[in-house]
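Worksheet: one structure, shown below.
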Amino acid sequence: MEPKYEIVIIGAGPAGLAAAIYAGRARRKTVVLEKGIPGGQILLTDWIENYPGFPDGIAPFELMEKFRQQAEKFGAEFKRDEVKSISRAGRGWKVKGHEDEYDTKAVIIAAGSIYRHLGVKGEVELTGKGVSYCATCDGAFFKDKVVGVVGGGDNALEEALFLTKFAQKVYLIHRRNKFRGIKILQERVLANSKIEVLWNSVVKEIVGQKRLEKIILYNRQNQLESELRLDGLFISIGMDPNTEFLRGILELNEYGEIKVSFQMQTSQPGLFAAGDVTDACPKQVATASGSGVAAALAVEEYLSRLE
Ligand code: NAP
C-alpha cells in the first residue's frame with residue numbers, strides 16, 4: 001500500500017515552511033507537523049529588517065504567517081503534533097507523533113534549535129523587549145545604546161564584537177575568569193575599547209516595566225550584588241538542536257546537529273533536513289528558508305527517482 005503522504009515536514013519555522021511551499025507547489029501530498037504555533041525561534045525577535053524584500057522591515061509573526069499562507073495555498077496540510085520518533089516502514093518512513101502516525105515516502109526534518117535560556121526572573125517577560133538571543137538579528141536596533149552580552153564561548157565573543165558596530169558600550173558578562181572561545185576572538189574582544197568584560201559575573205535578575213531597564217549581577221568572586229543599567233541584553237550561552245528523537249537513527253555531530261550534504265541529504269535515504277537543526281546553516285531566517293527550499297528540491301529529485 002502506498003503511504004498516505006509523500007512528504008512529511010517536521011517543524012514550521014522558516015525552513016519547514018519554505019520547504020512546504022516548494023513541496024506543495026510540486027503537487028506532492030505534504031503535511032507539516034508543528035508542536036507550537038508556526039514561526040519558530042524567530043518569533044522571539046520583535047522586528048526583522050534583514051529579510052530580503054522588506055526594506056522597511058517586517059514583524060516576524062507577519063512574515064511567518066505569509067510563509068504559512070503561501071504553503072497552504074499550494075496545498076500543504078498543517079497538523080499540530082509533536083514528533084516522538086521516526087522509523088523505517090517499507091521503502092518509506094513512519095513518523096510517530098503524540099497525536100497520530102504519518103506514513104510517508106520522504107521526510108524533511110526542520111525541527112530547529114532552541115536558544116539556551118538563563119532561567120532567571122524577567123527573562124521570558126522581557127524577551128523581544130530589550131532581551132535578545134541573536135545579535136545579528138537585533139543588534140542594529142541598539143545604535144549608540146548600552147548593551148550586555150552573556151556568555152564566554154565563540155558566539156558570545158563574536159556577538160560582542162559585532163555589537164560594537166552599533167552600541168556605544170558593550171558589557172561582556174561571563175560567569176568564569178576565563179573565556180571558552182578561541183584565542184583570536186579573545187584577543188579582539190580584549191583589544192576593543194568599547195567592550196568591558198565583567199568576569200565571574202552571573203545575571204541574577206532582568207528588570208524592566210515595559211522594556212529592559214537593568215540587570216542584577218552577582219559576582220561569584222567577591223559575592224557582591226550590583227545593578228547594571230542596560231538598553232539591550234544578548235543572551236549567548238549556546239543552542240540546543242531539537243534532535244533528541246533522532247538519536248540512533250541519523251548521524252549527528254558533536255553538538256547534536258544533523259549532518260547533511262550540500263543537498264540537505266542526511267545519512268539515511270529519504271530523510272532530509274533543513275535549517276537550524278542541521279550542521280550547515282547560519283542561524284538566519286533567509287538562510288533557513290534557502291535550506292528548506294534546497295531540501296524540498298532534493299526530495300523532489302529523490303521521489304522522481306523512486307517513481
Ligand atoms: P558554547 O561554546 O557552548 O559556549 C557557551 C558559553 O556560555 C560558555 O562560555 C558557557 O560558560 C556559557 N554558559 C552556558 N550556560 C550558561 C549559563 N546558564 N549562565 C551563564 N553562562 C553560561 O556555545 P556557543 O558560543 O554558542 O558556540 C557553540 C559552538 O559553535 C561552539 O563549539 C563554538 O566553537 C561554535 N561556534 C564557532 C564560531 C566560529 O568558529 N566562528 C562562532 C560561533 C560558534 P562556561 O565557559 O563557564 O561553560
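Rule-based calculations on the coordinates, nothing more; no lab input. Note that the structure is predicted; figures quoted are calculated from it, not measured. FYI the Cβ positions are ideal-geometry reconstructions off the backbone, even for glycines, and counts take in every protein chain you see.
Here are the numbers for this structure:
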read-out: J(HN,Hα) series, segment 229-235, from Karplus relation 6.51 cos²θ - 1.76 cosθ + 1.60, nearest Hz, glycine and proline x; value: 7, 9, 8, x, 9, 9, 8
read-out: Difference of contour (0.36 nm per residue) and Cα-Cα distance, Asp279 to Ser85; value: 67.8 nm
read-out: J(HN,Hα) series, segment 272-283, from Karplus relation 6.51 cos²θ - 1.76 cosθ + 1.60, nearest Hz, glycine and proline x; value: 10, 9, 8, x, 4, 6, 9, 8, 10, 9, x, 7
read-out: Among 163-171, 291-299, the order from most to least packed when residues are scored by Cβ within 10 Å on average; value: 291-299, 163-171
read-out: Peptide ranges 30-36, 136-142, 45-51 listed from the most packed, as the mean C-beta count within 10 angstrom indicates; value: 30-36, 136-142, 45-51
read-out: Protection-proxy order for peptides 243-256, 57-70, each taking the mean of Cβ atoms within 10 Å per residue, highest first; value: 57-70, 243-256
read-out: Charge dipole magnitude, Cβ of K and R +1, D and E -1 - segment 185-307, Cα centre, debye nearest 20; value: 440
read-out: Length-normalised contact order of segment 117-235 in % [C-alpha pairs under 8 Å, at least 6 apart]; value: 32
read-out: Under 24 Å from Lys210, Cα to Cα: lysines that are on another chain or at least 8 residues apart; value: Lys121, Lys129, Lys143, Lys145, Lys169
read-out: Gain in span if fully extended, Asn177 to Glu65, counting 0.36 nm per residue against the direct Cα distance; value: 35.9 nm
read-out: Cα-based Rg of the chain normalised by 2.2 N^0.38 Å, two decimals; value: 1.08
read-out: Cβ-placed point charges (K, R +1; D, E -1), dipole of segment 117-235 about Cα centre in debye, nearest 20; value: 160
read-out: Karplus-derived HN-Hα couplings along segment 108-117 (A = 6.51, B = -1.76, C = 1.60, θ = phi - 60°), whole Hz, x at Gly and Pro; value: 10, 8, 10, 7, x, 9, 10, 5, 5, 9
read-out: The chain, dipole about Cα centre (Lys/Arg Cβ +1, Asp/Glu Cβ -1), debye to the nearest 20; value: 380
read-out: Unpartnered cysteines - no second Cys beta carbon under 4.7 Å - across the chain; value: Cys281
read-out: Furthest towards positive pole of dipole, Val131, Ala273, Leu118, structure part the chain, Cβ charges; value: Leu118
read-out: Extension reserve of the Ser267-Lys121 stretch, reckoned as 0.36 nm per residue once the Cα distance is removed; value: 48.4 nm
read-out: Dipole of the chain, positive direction: furthest Cα of Asn200, Gly13, Asn242, with charges on the beta-carbon; value: Asn200
read-out: Segment 192-292 - percent relative contact order, Cα under 8 Å, separation 6 or more; value: 14
read-out: Contact order normalised by residue count of the chain, Cα under 8 Å, 6+ apart, percent; value: 21
